[in-house]
1. On the given criteria, is ALA109 over 14 Å from the mean Cα position of the chain (by Cα), surrounded by 22 or more Cβ atoms within 10 Å (Cβ to Cβ), touching a residue at least 60 places away in the same chain (Cβ under 8 Å) and not in a strand (DSSP E or B)?
2. Which pairs do you get when a residue that is within 19 Å of ALA28 (Cβ to Cβ), found in segment 151-164, comes within reach of a residue that is open to solvent by 40 Å² or more (accessible area, probe 1.4 Å) and hydroxyl-bearing (Ser, Thr, Tyr), reach meaning Cβ atoms under 9 angstrom, with the pair 6+ apart or on two chains?
3. Give me the residue from segment 34-56 that is part of a helix (DSSP H, G or I) and either out of contact with any helix residue (DSSP H, G or I) (no Cβ under 8 Å at 6 or more places or on another chain) or among the basic types (Lys, Arg) (or both) and, out of that set, least open to solvent (accessible area, probe 1.4 Å).
4. So which of GLU93, GLU106 ends up being out of contact with any Leu (no Cβ under 9 Å at 6 or more places or on another chain) and acidic (Asp, Glu)?
5. So is ARG64 among the charged types (D, E, K, R), at positive phi, open to solvent by 30 Å² or more (accessible area, probe 1.4 Å) and not in a helix (DSSP H, G or I) or not?
6. When you go through GLY124, GLY98 one by one, which is the residue that is over 29 Å from TRP18 (Cβ atoms) and either open to solvent by 40 Å² or more (accessible area, probe 1.4 Å) or in a strand (DSSP E or B) (or both)?
7. Report, by residue number, each residue of segment 139-149 that is part of a helix (DSSP H, G or I) and surrounded by 17 or more Cβ atoms within 10 Å (Cβ to Cβ).
Amino acid sequence: MDADQVAMLREVLAATGWLERTGEFARALRTSTRAPGKLLLVGTPSEDPWHLAAHLDDESRLNRIPELSPTLVRWSPPPQAPPHLRIGLERLERAGRGETLFVVAEDAAPAPLLERVDDARRGGATILALDGGDRDLEGLAHEALTVPPQDRLLSFDGAQHLVSAAAGAAPERRRGLRERLARVLERISGPVVPD
């Protein structure tokens with residue numbers, strides 16, 4: 001998906017709430033890691049998040065945000081792979097304060113991954129999850145973006161594109177306390193309809 005396709009997807013989703021949700025998640029991603037090499041990206045045994053890693057790396061490079069370039073953590077890295085593609089799950093054992101563990105799991109995260117995520121959280125790492133409705137994973141995450149499999153508007157792949165594009169975009173202006181409070185109240189009670 002190129003920039004034009006992402007723009008078209010954004011236009012189609014403009015009134016659905018997805019842009020706001022992916023934007024909030026992307027802000028959490030962008031602000032959770034403060035130093036290069038501290039964003040760890042991991043998937044499930046059947047799905048390494050290669051595509052998202054490539055997009056985040058592009059956004060990092062193009063927008064000069066070095067801390068957005070992820071370290072791809074793989075379940076079974078081949079020993080002959082280049083060093084940056086040889087990082088295995090043992091890296092999660094060292095995850096701690098100042099690092100972000102970004103888990104991408106369209107299907108349910110297996111128990112060994114959940115255990116490692118829990119250990120990383122206890123060690124002080126910030127946990128982010130992009131998932132398909134895994135309550136166990138969401139329970140461990142500080143921030144989660146769920147893309148339900150039955151959602152016909154946005155695919156899991158589409159959500160990854162929106163998140164990476166939003167993470168690389170210039171941050172919005174800082175909202176005042178009143179604006180933030182009004183936004184929270186609107187989420188809780190729904191929009192105000194004038195008489």
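1. It is true that ALA109 is over 14 Å from the mean Cα position of the chain (by Cα), surrounded by 22 or more Cβ atoms within 10 Å (Cβ to Cβ), touching a residue at least 60 places away in the same chain (Cβ under 8 Å) and not in a strand (DSSP E or B).
2. Listed pairs, sorted by first residue: LEU154/THR16.
3. Selected residue: ALA53.
4. Of GLU93, GLU106, the one residue that is out of contact with any Leu (no Cβ under 9 Å at 6 or more places or on another chain) and acidic (Asp, Glu) is GLU93.
5. Yes: the conditions hold for ARG64.
6. Among GLY124, GLY98, only GLY98 is over 29 Å from TRP18 (Cβ atoms) and either open to solvent by 40 Å² or more (accessible area, probe 1.4 Å) or in a strand (DSSP E or B) (or both).
7. Answer for segment 139-149, where residues must be part of a helix (DSSP H, G or I) and surrounded by 17 or more Cβ atoms within 10 Å (Cβ to Cβ): just LEU140.
The values are calculated or read from the model by the stated rules, or taken from the named source; none is laboratory data. Because the structure is a prediction, the values reported are computed rather than measured. When we count neighbours, we look across all protein chains shown, and the Cβ atoms used for this are built from the backbone with ideal geometry, even at glycine. These accessible areas exclude ligands, DNA and RNA; they are computed on the full protein's heavy atoms, side chains included. Shrake-Rupley method; radii C 1.70, N 1.55, O 1.52, S 1.80 Å.
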